[in-house]
Amino acid sequence: MNDIIKGGIGDSPKRTEDHRFLSGNGRYTDDLNRPNQTHAYFKRSDVAHGVIKSIDTKAAAAMDGVIAIFTGADLAADNIGGVPCGWQVHSKDGSPMVEPPHPVLAQGKVRYVGDAIAMVIAETKQQAKDAAEALVIDIETLPAVSTLRAAIAPGASLVHDDAKGNVCYDWHLGDKEAVDAAFKQAFKVATIDLTNNRLIPNPMEPRAAIGEYDISSGEYTLHTTSQNPHVIRLLMGAFVLHVPEHKLRVVAPDVGGGFGAKIFHYIEEAAVTWAASKIHRPVKWTCERGEAFITDAHGRDHVSHAELALAQDGKFLALRVNTYANMGAYLSTFAPSVPTYLSATLLAGVYTTPVIYSEVKAIFTNTVPVDAYRGAGRPETTFLLERLVDIAAHTMGMDRVAIRRRNFIPIDAYPYQTPVALMYDSGNHEATLARCMELADWSGFEARRAKAKARGKLRGIGMSTYLEACGIAPSAVAGALGARAGLYEVANVRVHPTGSITVFTGTHSHGQGHETTFAQLVADQLGVPFESVEVVHGDTAKIPFGMGTYGSRSLSVGGSAMVKAMDKIIAKGKKIAAHLMEASADDIEFKDGKFTVAGTDKSKAFGEIAFSAYVPHNYPIDEVEPGLDETAFYDPKNFTFPGGCHICEVEIDPETGTVHLENFTAVDDIGRVINPMIVHGQVHGGVAQGIGQALLEQAVYDPEGQLLSGSLMDYTMPRADNLPSFVVGTESTMCTHNPLGAKGVGEVGAIGSPPAVINAVVDALRDYGVTHIDMPATAQKIWSIINHAAPRMAAE
Amino acid sequence: MYDFEYHKPTALADATKALGGTDAKALAGGMTFIPVLKQRLAQPSAVVDLSGLGLTGISLEGNSLVIKAMTTHREVATSPVVAKAIPALAHLAGHIGDRQVRYRGTIGGSLANNDPSACYPSAVLALGATIKTTKRSLKADEFFQGMFTTALEPDELITEISFPIPAKAAYEKFPNPASRYATVGGRRRHVQTLHPPRHPQRHQLIARLAGQPPQPLIL
């Protein structure tokens, strides 16, 4: 890599996309209006479980502006399938998970509040809503199971008849006998029972979709708020609508935040696309905020019991974890992978625990489907592990830092094979720990605690030392673990005749700043000005293929594909340059945008080579084709493993139980950094979400399956005044297996921060005999602890 | 939102007449009413916009602070008159909702809505304010009748609120973290300072507990 050049790797140019976003010139799906467009409104179930006895559409169909009303029967008659699940997990006994159909519109039964029953299409949205109210739907209500505990209780009502006990799968990983044997040798055992609270993602832009059908060509087009338009095309075309790829275009234009919730193929996408072909007019749907609460896939919602066997010197001997994971009413696209392959495989964390055994039961409930949400499985595991390590320190009477250091995977042990499948390629846990402790002034904390005490406040400090697996993923590994798609990435680097460049990427930017970061990468590698690189994403008609953006994969996988494509550009350029300068291609060096004959001052600028490629008058035509346009598919050899240390310092007002965040320090080892400003922004956003989970957010269902936290008045999203100014540092231990050395930064903030916050809260309350507080650590829970009352758990 | 007729009268008599029709509703700042309409939780035949009535302004009348009904929270929060007469009221108004809400929301709208978690009702009760309407003058404890319920008749509008100026007053709330409405709001007033009451909490802390009890209580 070169030294930092303006607009190159390591520089922090302002984000090119922000001008249009901040000036109201973004083009989001809801900003688009198609000629002759109609509007869809979905009539949704207001009961969590029931049998649809009848749907009378007659009065509604006669209302002003109504064009069509479709129900599950119409879709079934047209052989439209359900939305598929993209990941298959097998139970301990080898049987595949129970995978009930997820119909586009309910077939016979409704299974959660929000389940779509009918689609009303009218000239205006108001008319569609009016008509939806006139539908006469008779539902015989069935008992609902709205929490994990209710769903696994003996005799619980079944969400799906073929999922006995509401179990989707009963999976395990690791060596149970070895773990049991190790526990027999334990000096002490640390245990924890915890709930990883259910979250509602709430991206700023609600979902939207516009379906179109061109009767002359038979082509379908879907504009949608997606993180991965090619995946939507694949799933919707092949499994739902039975339309081949060349007749289906999916466009995800500007998208206002995803956080995982916009990965999945939702029923509304299929419904509007199908309906457009029935009424021969475009069909537009835009989700309302309240509707988003009951239809966007929720996150987390695990209940776990874990035990850590400890030797007398504090070494971890074995870990045993038992988890129940809420799937909701249907299997969302990647839901089965979250508590298993994205979660249990990380139970070693940054520690040398030699044997680990994990069991996971996935459970259906009458709630919104639950799927990947920023971090997807790794926040759940990190929270469990980092809380358990603090409890282990307490159990052993050891210092929290000392017990971590005693069990760290040492730097010379890398690459490190964990007992739970993963092979970590690189990491330096001592470095991130030491730097974070220094930045957070860990050693000065007791003085701050004493001062706070003098003011009548309870001050606490907590840390997490975490590692996560992202950059998903090697296709072969993912396939062996149950993924039903490859997980490579695609880049097309198109050099234009005058030397400007358009890069087409299969990743998708919905806040990450790819248009800036990728332009920097290309500018740096090809030695062209940052401003002369355009990044295009989000349209299956423009981009060869791609798997989209999630799992912090865009730079490590998508950026690596770009490097591979640029390698081809440079190799071809060398041949052209060799011809023009009458030298051997082997003697051509490419640096800083110049092709030079080694050892001479003869050189050709990148732009000259590009021009020659498109105006091949003097050209090695027998050796290379004209043009300078290369595509690369890059399939990584391994996951990437960012890690780091987060430290949180809190002060609690004992009169009210309110937690005030005093300081938050994050030092993340994310490998190569392209744009430090964007990296810091990613950490800030992730930490804010992690703090939201730790202190504020909680999806609550009542026993009948009504979502009580169904609005922003009831569900607490973190706001600026909930957060301190963050101190953020990065370390760069390079990833060893991709050409950039990049690891990924999109999720580390949300993964590392929740346990740091709760460890700090528990530390602040150490005089009250508290060893654990479930998230969110609300003022009510803390006030109850301080007042020696049992904390009241929400909706359990 | 359902369709409705929209009226924007410029005279009080026209406003009360328009409200006399069936299912007409008054629109003050709309900070609760507009979301209710958007969620189709109300279906009024007509909406009577009160913003053209000139019902804004803050003044001192004798030993009372008089605030007209359509005065916004922001106007109360930043008024030098309020700051001098009842600084606690300015503090209260400055902590309602967020900046956008404070520029739109009005004192009259808040009182007429009588949300049990709102800030103004407890102030009106604690300070022993008088609510003047198009028909009469009501003492605070006559005005509030229960959660979202007041003594107002359908065609009756609040025109102004008159607060007797206390020697001292204070307002604190414990906001709900999501809505930032008060989970508990408390206001104290000292009617006279020469002989502070022996049990100020019991007599003069006005607490409103979220939803239950449904209206302000003097503890």
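The values are calculated or read from the model by the stated rules, or taken from the named source; none is laboratory data. A quick note: this is a predicted structure, and the numbers were derived from the prediction, not measured. Here Cβ is always computed from backbone atoms with ideal geometry, including for glycine, and neighbour counts include all displayed protein chains. Note: areas computed on protein heavy atoms with side chains; ligands, DNA, RNA excluded. Shrake-Rupley method; radii C 1.70, N 1.55, O 1.52, S 1.80 Å.
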In region A:193-303, what % of DSSP beta bridges are antiparallel (nearest 5)?
75
Interchain or sequence-distant (5+) residues whose placed amide H lies within less than 5 Å of the amide H of A:Gly50 are A:Val110, A:Leu142
From largest accessible area down, sort A:Glu123, A:Glu177; use a 1.4 Å probe on the protein chains.
A:Glu177, A:Glu123
Three-way shape label, region A:622-682, alpha-carbon gyration tensor, a/c 1.5:
prolate
Run the numbers for A:Glu140 and A:Lys92: contour at 0.36 nm per residue of separation, minus the present Cα-Cα distance, in nm.
13.6 nm
Checking every Cys Cβ in chain A against the others at 4.7 Å leaves as unpaired A:Cys85, A:Cys168, A:Cys287, A:Cys470, A:Cys648, A:Cys735
Going highest first, how would you order A:322-334, A:648-660 by mean Cβ packing within 10 Å?
A:322-334, A:648-660
So what is the calculated 222 nm ellipticity per residue for chain A, using -39500 (n - 2.57) for each DSSP H run with n of 4 or more, over all residues, to the nearest 500 deg cm²/dmol?
-7500 deg cm²/dmol
Efficiency of FRET from Cβ geometry, A:Ile621 and A:Thr600, R₀ 25 Å, rounded to 0.05
0.50
What percentages, rounded to whole numbers, describe P(r) for chain A computed over all alpha carbon pairs with 10 Å bin width beginning at zero?
3, 13, 22, 24, 19, 12, 5, 1, 0
Ignoring ligands and nucleic acids, what accessible area does A:Leu342 show with a 1.4 Å probe (Å², nearest 10)?
20
Rounded to 5, the percent of DSSP beta bridges in chain A classed as antiparallel:
80
Can you give the average number of partner chain beta-carbon atoms within 10 Å of each beta-carbon in peptide A:706-715, as a whole number?
2
Taking a straight Cα-to-Cα line shorter than 26 Å from A:Lys568, and setting aside same-chain lysines fewer than 8 residues away, one finds A:Lys6, A:Lys542, A:Lys591, A:Lys594, A:Lys602, A:Lys604, A:Lys637, A:Lys743
Averaged over peptide A:716-722, how many Cβ atoms belonging to another chain are found within 10 Å of each residue's Cβ?
2
Where labels lie 7 Å past Cα in the beta-carbon direction, separation of A:Arg484 and A:Asp193 in nm
3.7
Sorted by accessible area (1.4 Å probe), largest first, how do B:Arg99, A:Arg111 line up?
B:Arg99, A:Arg111
So A:Asp56 and A:Arg289, fully extended at 0.36 nm per residue minus their Cα-Cα distance, gain in nm 81.1 nm
If you count, for every residue in A:127-136, the Cβ atoms of partner chains within 10 Å of its Cβ, what is the mean?
1
What nm distance separates the two modelled labels at B:Phe174 and A:Ala238, each placed 7 Å from Cα along Cα→Cβ?
5.5
Would you mind checking the pairs A:Lys129/A:Lys278; A:Lys53/A:Lys361; B:Lys8/B:Lys173; A:Lys453/B:Lys173; A:Lys451/B:Lys168; A:Lys58/A:Lys129 and listing those with alpha carbons more than 27 angstrom apart?
A:Lys53/A:Lys361; B:Lys8/B:Lys173; A:Lys451/B:Lys168
Label B:Ser137 and A:Val536 with points 7 Å out from Cα along Cα→Cβ: what is the distance between them in nm?
7.5
Take each of the peptides A:352-359, A:187-194, average the number of other beta-carbon atoms within 10 Å over its residues, and list them starting from the highest.
A:352-359, A:187-194
Taking θ as phi - 60°, what are the ³J(HN,Hα) couplings along region B:58-68 by the Karplus curve (6.51, -1.76, 1.60), each to the nearest whole Hz, with x for Gly and Pro?
10, 8, 9, 10, x, 9, 10, 9, 10, 10, 6
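Let's test the formula: R0 of 35 Å, r as the Cβ-Cβ distance of B:Thr56 and A:Lys247. What FRET efficiency results, to the nearest 0.05? Spell out each step's value before the answer.
Numbers: r = 61 Å, r/R0 = 1.75.
Efficiency, rounded to the nearest 0.05: 0.05.
If you take the beta carbon distance between A:Val770 and A:Ser157 as r and set R0 to 30 Å, what does 1/(1 + (r/R0)^6) give as a FRET efficiency, to the nearest 0.05?
0.25
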What order, most packed first, do the peptides B:39-47, B:68-76 have when packing is the mean number of other Cβ atoms within 10 Å of each residue?
B:68-76, B:39-47
Heavy-atom accessible area with a 1.4 angstrom probe orders B:Tyr2, B:Tyr103, A:Tyr351, most exposed first, as B:Tyr103, B:Tyr2, A:Tyr351
Find how many whole Å separate the alpha carbon centroid of region A:705-757 from the alpha carbon centroid of region B:107-148.
44
